[in-house]
1. No other cysteine beta carbon under 4.7 Å away is the test; run it over the chain and list who passes.
2. So, R0 is 25 Å and r is the distance between the beta-carbons of Ala20 and Ser40; what FRET efficiency does that work out to, to 0.05?
3. Would you mind getting me the FRET efficiency between Ser86 and Asp186? Use the beta-carbon distance for r and R0 = 35 Å, nearest 0.05.
4. Where the only charges are on Cβ atoms (+1 Lys, Arg; -1 Asp, Glu), what is the dipole of the range 121-208 about its Cα centre, to the nearest 20 debye?
5. Is the range 122-194 best put as rounded, prolate or oblate by its Cα gyration tensor, with a ≥ b ≥ c the root eigenvalues, rounded for a/c under 1.5, and otherwise prolate when a/b is larger than b/c, oblate when not?
6. In debye, nearest 20, what is the charge dipole magnitude of the range 68-218 about its Cα centre with +1 on Lys and Arg Cβ and -1 on Asp and Glu Cβ, if you could check?
7. Per residue, how large is the accessible surface of the chain? Use a 1.4 angstrom probe and give square angstrom.
8. Residue separation times 0.36 nm, minus the C-alpha to C-alpha distance between Asp124 and Ser170: what's the value?
Amino acid sequence: MKSLFILGLVLLAALPRVEAVLGVDVSQLFPTSTYQCMKSNGYIFAIIRGYCSYGGPDHNAVQNLNNARAAGLITDIYMFPCRGKSAQAQVDEMFSAVNPGLWGMVWIDVETNPSTGCSWSGHDAASNCQFLTDIINGIKAKGKHPGIYASRYMWQTIFGSFTACPSVASQQLWYAHYDGSASFSDYASFGGWSKPNIKQFQGDTTLCGAGVDKNFYP
């Protein structure tokens, strides 16, 4: 199964060097034809929501992954965890509901959660870091590579400072900054990462008639 982890190894080995690779992340179900349109417009990967903020699997994830794969896109998923539920239980639910053979990496969405009973607030910074660590370890135990999706602002909000929870920085980082630029020139270090792996450079936009966020992988 190709994923952004494997894609990175392929790009490192490629000669001449491949330029930035574009992709999308989505939270809605789209048909194969939409993903085919995205690919024809130069988009190579799709990161599909696999677990929802309210603490349950995304029931469209399997079909969405099959549709994106049928269009020839590389597929990963993202997990928006509920802070009010057991970390391991959520990992187990996601793996049971979303066939791991359909995706490569899982990106853990670290941002404020508005769903009832799922907010990171009300928990101290150390326990929030431990919760994230538990999710990472649960994913690794199932044989998959976890990554972290976050912004510098969200990291400070959830963990108390820009430099907090550095123990998770061994995972790949997908950061958000909506400056419209497919480059890392804007990146400011946080959480122990000296450099990121992916950037979400445009949010809440439209591509091929579908609501997406746009990303690039250098």
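The values are calculated or read from the model by the stated rules, or taken from the named source; none is laboratory data. This is a predicted model, so every value here is computed, not measured. Note: ideal-geometry Cβ built from the backbone for every residue, glycine included; neighbour counts use all protein chains shown. Please note that ligands, DNA and RNA were not included when accessible areas were found on the heavy atoms of the full protein model with its side chains. Shrake-Rupley method; radii C 1.70, N 1.55, O 1.52, S 1.80 Å.
1. Here Cys52 come out as lacking a disulfide-compatible partner, given the Cβ-Cβ threshold of under 4.7 Å.
2. Once rounded, the FRET efficiency stands at 0.90.
3. 0.45
4. Dipole of the range 121-208, to the nearest 20 debye: 320 debye.
5. Values: a/c = 2.26, a/b = 1.30, b/c = 1.74.
In terms of gyration-tensor shape, oblate.
6. So the magnitude is around 300 debye.
7. Result: 43 Å² per residue.
8. Between Asp124 and Ser170, full extension yields 14.3 nm more.
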